[in-house]
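Structure record follows, encoded as structure tokens.
The values are calculated or read from the model by the stated rules, or taken from the named source; none is laboratory data. All values derive from a computational prediction rather than experimental measurement. SASA here: full protein model, heavy atoms, side chains in, ligands and nucleic acids out. Shrake-Rupley method; radii C 1.70, N 1.55, O 1.52, S 1.80 Å.
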Amino acid sequence: MAAHQEKKPPEERKHRSTQNDARTSQVQWGRAWEVDWFSLASILFLLMFAPFIVYYFIMSCDQYQCSLIDPLTDLFTGNRHLSDIWNKTPTLTYRAAGIYTLWVAFQVFLYVFIPDFCHKFLPGYVGGVQEGAVTPAGAVNKYEINGLQAWIITHVLWFANAYYFHWFSPTIIFDNWIPLLWCANVLGYAVSTFAMIKSYFFPTNAEDCKFTGNFFYDYMMGIEFNPRIGKWFDFKLFFNGRPGIVAWTLINLSYAAKQQELYGQVTNSMILVNVLQGIYVLDFFWNEAWYLKTIDICHDHFGWYLGWGDCVWLPYLYTLQGLYLVYHPVQLCTANTIGVLVLGLIGYYIFRMTNHQKDLFRRTNGNCKIWGKKPEYIECSYMSVDGTKYYSKLMTSGFWGWARHFNYTGDLMGSLAYCLTCGFQHILPYFYIVYMTILLTHRCIRDEHRCFSKYGKDWKRYTAAVPYRLIPGIF
């Protein structure tokens, strides 16, 4: 459910192996084959309650001025009943269904039918057709990287409408926010269900499917590794990046427009939210080719976790700060404004430079300089199901010598900055930093379990060289 990812081990080399344990390696590499009781309990909890969590947050803003406590107080004291809250909730409308259908169709059109041209005139940008990482079955998929182009086209049209065409109000997203929530849920469940059916009857690559025999686990975590329709429509790349992340900045712009409409001004806190989160979104699309080496693409199969999560969880809960500021406009003093901005920019710098160091290391096969010195690394190997042995280098210097996931540390600093723009009157805007801390800590543990299964004793050598996960000297 998250766009925040860690780059996978770089610079892989391969040769054909004659060993007979290739399939054993594939069993250990990637998503689990067997489901323990704790994983199953967690999955059942999320499947049952995650949609209600999203609804509760959005409803609390719509009916309770963003208070998370007042709805529960009303229910427990008998002042209101669940039916009272539900009956006051806006329902699905034809207008919202039309808006959402056009939105998704437009993003599909930009993704499938408009080849990238940005890489032809933007220095340093990597777009066009790019190769992904090796899958457990030994396949290497190709992707059309055109997310930055889609983001630019979408936002040019948004501003052209706002200042010239006036086809619709810039507040259209906020004004239809809850009806759009129902549309997003329909798409999230539809694509997750389709992906599961597809994996049984017409998988893109049968060797990259994993069946545990547990319906709920397979539905949530996915069976197919890279489900596709045709040559280029890749479910994981599309739903992870479009339409949710392209919409992120549009959602914040709609919140800002609503502030202007209600109060006659846009507060500096709303501007900070738009700027800091806008930097993150632009960074994602500028480095979309890099994203092909992240956990989502390299390890996660496509199921409800990614399908519903990217349609609903991401656009609705990652934008809570802007939504809160519509109901509670905050004008920060100059010192606080500068402090939040500096925290966010430092967090972004750490996030970006940490990933840049690994990317540079990967692209040059270690023949580069990190902080003015030749990088240190540990060489390791792993096996795919087809018996091919691959070699990787795990860097142990630069930011990657400080902690094994130091890019997450920068990510958390940026996340905290988003929340601090909202002041301290309500806890709702701080859900994001709490959630991201849990998510990224869990992702660290989950990724390291996979890396140990994949690299074995080589991973132990790596963790001995870099003993900390997130915070040097502490964790």
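General remarks:
- Using a probe of 1.4 angstrom and keeping all protein chains present, the accessible surface of the chain works out to 43 square angstrom per residue.
- The string of couplings for the stretch 322-335 from the Karplus curve (6.51, -1.76, 1.60, θ = phi - 60°) is x, 4, 4, 5, 5, 7, 9, x, 10, 10, 6, 5, 4, 4 Hz, one whole number per residue in order, with x for Gly and Pro.
- When His299, His356 are compared by accessible area of protein heavy atoms, the largest-first order is His356, His299, using a 1.4 Å probe.
- Pairs of lysines in the stretch 342-474 whose Cα atoms sit within less than 21 Å of one another amount to 15, provided the residues are eight or more positions apart or on different chains.
- Percent accessible area from carbon and sulfur atoms, the chain, protein chains only, probe 1.4 Å: 66
- With all protein chains modelled, accessible area of Tyr56 [1.4 Å, Å²]: 50
- Amide H to amide H, with H built 1.01 Å from N, Asn287 comes under 5 Å of no residue 5 or more places away or on another chain.
- Ellipticity at 222 nm from helices only: DSSP H runs of n ≥ 4 in the chain, each -39500 (n - 2.57), divided by the residue count, give -18000 deg cm²/dmol.
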